[in-house]
Each structure stands twice: as structure tokens, then as C-alpha cells.
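Asker: Pasting a structure here, questions to come.
Derivation of every value follows stated rules applied to the coordinates shown; laboratory data play no part. None of these values were measured; they are calculated from a predicted model. Backbone-built Cβ (ideal geometry, glycine too); neighbour counts: all protein chains shown.
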Amino acid sequence: MSTENLDNHPFLKALKEHNVTLKASDTSEIPPDSLISVRNLSKVYTLGDIEVPALNNANFDICKGQIVFIVGPSGSGKTTLLNLIGGIDSCTTGVIYIDGQDITQYSGKKLTRFRKRYLSFVFQFYSLLPTLTALENVELTMELIDVDRKTMRQKARDYLDMVELSSRANNFPSQLSGGERQRVAIARALAKKPSILLVDEPTGQLDQKTGDSIVRLIQQIAKQEGITVILVTHDQELLKYADRVIQLRSGDIISDGVQPYNQENRYA
Ligand SMILES: Nc1ncnc2c1ncn2[C@@H]1O[C@H](COP(=O)(O)OP(=O)(O)OP(=O)(O)O)[C@@H](O)[C@H]1O
Ligand SMILES: [Mg+2]
């Protein structure tokens, strides 16, 4: 890419507008095919007089279809980073540029529209509505994207089928196992056809084998549908499903790369 092209890159224009200064190394790292670009991103929580730094000056680019896992000890800033990218928390400094848009400038309706169009979340505790069946829970997200009732029902069935839960469509969450609930949550997240799937500790409540099958499922469907995934996990055994692993410690990115998984190369 020529320097002239770089100057015209919308991401750089947005940085200029927000007076964010980049080091030379930062600019050279901006790939033209980036879907998510994060620059100088920090989050400091304030608790009364105390400032809690949760994320320090993060910089990275994620291209479309990449499956990125975020690892690190408890309190290292994983959820904070995910929430910032998902626009459910606001940063203290920096820029998050998603598909040509600086989302840190968004609020209210604009942010809601952005989230509807681009994002789906899967949380650790499934967050299914207890009074709706598995099928109705999956249908729910499609109500947000204006699909007619008949199409909605069929698509909800298709997604439940994709996560191999057709036979449980009419069960309520309380009538499902933890792994099954998490699969419903995945079907629900996918039914929206998001560009980006944000997943926070999807296996925290599950045994190793079930957790493995859940993450494998996310990886397979994401690859099939070209969905970009950012997934937070504590589980070393799951890193084999990542294209790339970003490791956090005390709010700092201490490694970022495509690292072959093996027993010796473990992330602490
Ligand atoms: N709303 C908040 N107010 C104040 N401090 C917060 C808030 N949320 C998180 N923190 C602090 O920010 C830091 C990062 O928290 P975060 O939730 O991102 O960690 P995490 O890596 O997701 O941890 P875990 O693996 O336990 O989920 C921690 O020190 C935490 O105490
Ligand atoms: Mg967390």
C-alpha cells in the first residue's frame, strides 16, 4: 500500500479527527482488509476516588472471518475489551473502528443500530429468557431485525438444527442441560446473522467435553458463514480452535499471534 493510499485510509482520517497520535509502527500495521481496528484503547474505571486501570493502550487489527481468542488471568481486562468492542461500555481513550465506522463516537440510537447490524453476544450464563421455549428464544433476536413471522419460525428451526437441538425446540431453558442451553444461546446469536460474534467464557459452566464441543461448534459455523469471532476463555485446551490468540495481563496485551497449541506453549 502506498503512503498516499494510507493517508486516505478512512481509519487514519478518523484518528486525525480525534487527535489520536500514532507511532510509525501503528500506521504500518493497518491492513486494508481490517474489519476491527483498535488503536490506543484504554479503559479506566472510577470507583469513588480510586481509578482502576482495566485496559492499557491496546492496538490490534482483526480481519473478516478471523477467529480470535482472548486469554489471561482473572481481572486482566478480557471482558472489558470485549464490552468495548461490543459498544456496551465506553472507552477512556482510543478508537475502535469497525467496518469503516468509529464506534467510540456513537451513542444512543446510532449505537443500537450498529449493534443490531453487526454484533451478537454469547455470555457465560446463557442469558436465555426462562419463560420462552428454546425455539422462541432463538426467534427473539430475529424480531429485532424485522423478519416476518413465518420466515422467523423456519429460520429459528434451521439454527436449532445447526446446533443439533431440533428435538428440544419446545423445551424451556429449565428443561435443558447447561450445554444445551449454551447451544440455544449460540443458535440465537447466529440467527441474527452477525458479522461479528463476541463470546465471553462460553464454557465456564460446562464440563471439559461439553465445553470443547460448544467451542468446536462455534468455530465450524463461524468458518462456514464467514463470521468474525472474538472469544474469551480460560481454557487452554480450547486454543486449538483459534486462528489467533491475544494474551492479556493486568490490562496489557503481552502477546498476540498465531501460536501453535501444544502442552509446552501454554498461556498463563
Ligand atoms: N464496572 C467496573 N467498575 C470498576 N472496576 C471494574 C469494573 N469492571 C471491571 N473492573 C475491573 O477492571 C479489571 C478488568 O476486569 P475484567 O472484567 O475485564 O477482567 P476479566 O479478565 O474479564 O476477568 P475474569 O476472567 O475474572 O472475568 C479488574 O481489575 C476489575 O476489577
Ligand atoms: Mg471476564
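Asker: Starting from the Cα gyration tensor of segment 109-201, take the square roots of the eigenvalues, sort them a ≥ b ≥ c, and report rounded, prolate or oblate (rounded when a/c is under 1.5, otherwise prolate if a/b is larger than b/c, else oblate).
Answerer: Note, shape of segment 109-201 comes out oblate.
Asker: Of the listed pairs Lys116/Lys223; Lys78/Lys209; Lys150/Lys193; Lys109/Lys223, which have alpha-carbon separations greater than 25 Å here?
Answerer: Those over the limit are Lys109/Lys223.
Asker: Magnitude of the Cβ-charge dipole of segment 81-210, K/R +1 and D/E -1, about the Cα centre, nearest 20 debye?
Answerer: 400 debye
Asker: So for Ser76, Ser127, Ser167, fewest C-beta neighbours within 10 Å to most, what's the order?
Answerer: In increasing order of surrounding Cβ atoms, one gets Ser167, Ser127, Ser76.
Asker: If I take all pairs of Cα atoms in segment 146-268, what percentage of them are more than 25 Å from each other?
Answerer: 30 percent
Asker: Here's a follow-up. Let me test this: with uniform point scatterers at the alpha carbons of segment 75-117, what is the Debye-based log₁₀ I(q)/I(0) at q = 0.22, 0.26, 0.34, 0.35 1/Å?
Answerer: So the normalised log intensities work out to -0.71, -0.95, -1.37, -1.40.
Asker: Right, something else. Hey, can you grab everything whose amide H is under 5 Å from the amide H of Arg249? Only 5+ residues off in sequence or another chain; H modelled, so Pro and N-termini drop out.
Answerer: The list, which skips near neighbours in sequence, is Ile254.
Asker: Would you mind ranking Asp49, Asp243 so that the residue whose beta carbon has the fewest other beta carbons within 10 Å leads the list?
Answerer: Placing the least packed residue first, the sequence is Asp49, Asp243.
Asker: Taking neighbour counts of Cβ atoms within 10 Å as a proxy for exposure, in what order, fewest first, do Leu47, Leu239, Leu165 appear?
Answerer: In order of increasing Cβ crowding within 10 Å: Leu47, Leu239, Leu165.
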